[in-house]
Structure formats: structure tokens, C-alpha cells
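The values are calculated or read from the model by the stated rules, or taken from the named source; none is laboratory data. All values reported here derive from a predicted model rather than from experimental measurement. Note that each Cβ is placed from the backbone with ideal geometry, even for glycine, and that neighbours are counted across all protein chains shown. These area figures cover heavy atoms from the full protein model, side chains too; ligands, DNA and RNA do not enter into them. Shrake-Rupley method; radii C 1.70, N 1.55, O 1.52, S 1.80 Å.
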Amino acid sequence: MNSHFPINSRRQFLQQTGMGVGAVALQWMLNRESATAKPPVLKDKPHNDLLPRAPHFEPQATAMISLFQHGGPAHMDLTDPKPELSKHHGMDYSGDIQFSFVNEASKKLFGSPFLFQPHGECGTELSELLPHTAGIVDDLCLIRSMHTGANGHEVSIRYFHGGIPAVLGRPTFGSWLTYALGCETQDLPAFMVLSDPGGHPVDGATNWSNGFMPSMFQGTVLRPKEPRIFNLQPPKHLAGPFQRQNLDFLQTLNRQHLEAHPGESDLEARIASYELAARMQTAASDALDISQETASTQSMYGLDQPETHEYGTRCLLARRLVERGVRFVQLFHSGQPWDNHSNIKTGLASICKKTDQPAAALVKDLKQRGLLDTTMVHWGGEIGRLPVTQDHGSPEKAGRDHNGQGFSIWLAGGGIRGGMTFGQTDEFGHRAVENIVTPNDFQATVMHQFGLKHDQVVFTHGNQQQIITANRPARVVEEIVT
């Protein structure tokens, strides 16, 4: 052994004996390509790639689309009818209430101005504002007992996405899922974010942050209008073999630098992103080309109507992405359009008009294509609204303040039971009182449907083993899964 090169680590030994990190990786990939190779289970070992990985047990879901509704949809006006609230409209509420806007606070009960009717074979009651969702109610599990315990937007958003109320710097749900399972396609990002043309949602990029994980597990944001990816195609004079030579040369330099600086996760992620970008030139162009869809499909999503065209386009793109192997797709709104502190009659009707038809079309479309069995769809916000009036001087201007004590979300597909409601709020819709479900329960349940034990998907950070629920109480809600 050459005394000028002391062996201080296993990595140095491999490098000096002709088996550098790149060679080891190459050998692993060759094994993976063999007919008998199986994806390794690496839930408790660090890794920095998006190759497909085996779950802990047989999954029912393999992809997820999250339609996140920032602001707090008013459940008693949409999904959770409260006859007693209407009966006592205008009377003082006798219970304790936490207000976010004390100067406009009122304890006058505010009965819903919208009518509810039962729908589907299951008979679930929904508001007149959701006529299209009413058409898919037999495919939905409507959870009416969500609870964050906090009324603030950011505190509850971070609870849903990162596992701990209010805390920044943690990986979001899509990051955990793609870290655990990788991606079925290597030609598109594993975790994709479809943003609103009006701008980012409340809490911005925190909604799809990779936190303390390598940056390759962060959500990839598509532009909200065409071109959705800048510079997807090279200039004509650089296309073809010339581009390939440049990319190969760049890859060689990057790999040499990585071998000289092993363990740099940001560098590894950057190399992976370059390689992915080259593969995306064909795959992304195809996935984002909705002109391939029939006129009837586009109409079903509302692309022929001004109110639904934009959100419908993104819902349709979400289906096209999961159809091509993307693991997790999340749609966001600009700001928080469900934050109806005032003018709830018109404001709530407006955002429902934008989202109801596209969201229902997504479930219908996945079902008719045979994808709903393995694709889970989530609809819901971070909080709900209070049963009392937020006073603005007249009934027409009335709204509702924040409420994290009880609210609704719905799930469909991926082994979730359809045609059912789960949990209850009290007679006025203020607090969840039966079968309470927290965001940690939601996280554990969704991961279970992907074949994962949520407490065994581990990432070591700061010499601590981190899991998505941060060791907080969490249960798989067995009652809602098949």
C-alpha cells in the first residue's frame, strides 16, 4: 500500500482500490436492471436519489393529488349541515370562542345562508354551492372532525404539511412520501407543485419545502401559465448530438467534483436535476400538452368556461402527471381565497364556482380511466370557520372568523372508503366531538395507504431520527380505509 495515501475511511479505501463511489453506484444500478433485482427497502437508511423503493407492505395507493384549499373553507356552509345553527340564527352563542379578529368579534350565531340536500346512494348532505362534488359523493370519504387546535393559518398549514404546528424547517408531506418511495418515472420530478397565476399561497414555498432533507425532495414548481417550463427545448443549433456532447461533458465534470467532495447532498441533487432536465425535454412536453385530450374531457374539467378554465387546466395536468408516474402532485391557490372574513355569501360562492367542477372532474376522470383505485385525491384546507358572525355592520357583509377546533376535508381513491362520512362536530359546528382526526392522524393514514409505517420512514437530522409526525400521537384511521 502506498504510504503517501493513508487509508482513513472506507470511502478512501474504495477510491484507491479502483472502486470509487461512481463505480459502486454503477454496479448497484446494473444489479437493479437485472431480471431478478428488487427495489431495496431503505426506509431506515439515508439515501439521496428518487429511484423507486419498495414499501413496508402491499400498498393500495401509489400516487396522490392534493387539492389544498388555503384559507379555511366554511364547513357549516359546505359540507357539515347544522340545522340547530340555522334554528338559533341571531342568538348569542353560550360557549367559549377564540377569536382572531377581536375588534369585529360577535357571539351571534350565523346560520348558513345556503341550502343542503342529500346526494348519492350514501345520502351525504352537501351545500348547494357544491353541485359537482354532489355528483361524486359516493366516491368520497368526508371527514367532518378535523382538528388542529389552533386558529392561525400558518400554524395549521405547517401542522398539515410538516407534522408540527407552527414549526418551520421541516420536510413537507410530498418530501416524506418521495423520500420513502422514490418515483415510478425517472423522466419527470417525483413531487410537483401546480401554482396559481395570481401568486404563491400563504406561507409561500414553505408549503412544498424539503426542510432538512436533500433539495431533490423539494417540490418542483410548474409555472402557472405557458410556457410552464422555461427553456424546455434547446435552440435548434444546440439540439441533437451537440447538446448530448455538452451534457455528457458537464456530467463528467460534476461527477469528478463529487468524487473529490463526497457526501455533498446539494451537489448530488444539482447533478440529478441536470440529468432530469435532459430527460424532461420529451416527457414534460408530452405530459403538459393538454391538446391531446378530447373536447369532452376538457369540457368536463370546465376548460370551456372562464370561471373554471384555469383551475380545471391544473386539475387535468395533475391527472396527466400521475398517469405518467409522478408520485405526488399538489395544487395551491394564490393567497387564501377561502378566508371569508366578510361577504361570505358572495366570496364563498365565487371560490366554489372556480373549484367545484374541476375537483369533481378529477375524481370522475381518474375513476373512468381505472386510476382512482391507486391514486388518492385530497381536498381541504388548514382550518374551518366559526359558527358566529364576524360583524361588518350589515348581514350582507357578514363573514366568519378562523376555527381550528373542527372542520371538514374529503379523500377519495387509493383504498379510502367511498360514500361515507366520518366524525362529527357539535350541534353548531364549532368543535370536533366524535372521532377526532388530527393532521398527524391524516399523515399516518395516508402513508399507510402507500404501504408505509409512518414511524419507520426515518431521516436522521441533527443526530436525531426524524419521522413525519415528529413522534407526536398519531393513528391510522382504520375506519375509513378498505
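Answer yes or no as to whether residue 97 is at pLDDT below 50 and of a type in the set (Val, Ile, Thr). No. Out of all the residues in the range 357-403, which are among the charged types (D, E, K, R), surrounded by fewer than 24 Cβ atoms within 10 Å (Cβ to Cβ) and outside any loop (DSSP other than H, G, I, E, B)? Within the range 357-403, 364, 365, 367, 396, 397 qualify. If I filter the range 425-435 for residues that are open to solvent by 30 Å² or more (accessible area, probe 1.4 Å) and of a type in the set (Val, Ile, Thr), do I get at least one hit? Looking through the range 425-435, at least one residue is open to solvent by 30 Å² or more (accessible area, probe 1.4 Å) and of a type in the set (Val, Ile, Thr). Only residues that are crowded, with 18+ Cβ neighbours inside 10 Å and at pLDDT below 95 were counted across the range 190-219, and they come to 2. Search the range 305-341 for residues being among the small types (Gly, Ala, Ser) and either in contact with a helix residue (DSSP H, G or I) (Cβ under 7 Å, 6 or more places away or on another chain) or assigned to a strand (DSSP E or B) (or both), and hand back the single one that is surrounded by the fewest Cβ atoms within 10 Å (Cβ to Cβ). Of everything passing the filter in the range 305-341, 335 is surrounded by the fewest Cβ atoms within 10 Å (Cβ to Cβ). Among the listed residues 379, 410, 338, which satisfies the condition of being farther than 15 Å from residue 66 by Cα and aromatic (Phe, Trp, Tyr)? Among 379, 410, 338, only 338 is farther than 15 Å from residue 66 by Cα and aromatic (Phe, Trp, Tyr). For residue 100, the conditions (1) within 21 Å of the chain's Cα centre (by Cα); (2) open to solvent by 10 Å² or more (accessible area, probe 1.4 Å) all hold with the exception of (1). The residue list 66, 112, 100, 86 contains one member that is touching a strand residue (DSSP E or B) at 6+ places or on another chain (Cβ under 6 Å) and farther than 30 Å from residue 414 by Cα, which is 100.
Restricted to the range 103-122, and to residues there that are in contact with a Phe, Trp or Tyr (Cβ under 6 Å, 6 or more places away or on another chain) and not basic (Lys, Arg), the residue that is surrounded by the most Cβ atoms within 10 Å (Cβ to Cβ) is 109.
Collect the residues in the range 342-356 that are open to solvent by 20 Å² or more (accessible area, probe 1.4 Å) and either aromatic (Phe, Trp, Tyr) or touching a residue at least 24 places away in the same chain (Cβ under 8 Å) (or both), keeping them in residue-number order. Talk me through it step by step, then tell me what you get.
Pass one, the range 342-356, residues open to solvent by 20 Å² or more (accessible area, probe 1.4 Å): 342-343, 345-347, 349-350, 353-354.
342, 343, 345, 347, 349, 353, 354 - these are the residues of the range 342-356 that are open to solvent by 20 Å² or more (accessible area, probe 1.4 Å) and either aromatic (Phe, Trp, Tyr) or touching a residue at least 24 places away in the same chain (Cβ under 8 Å) (or both).
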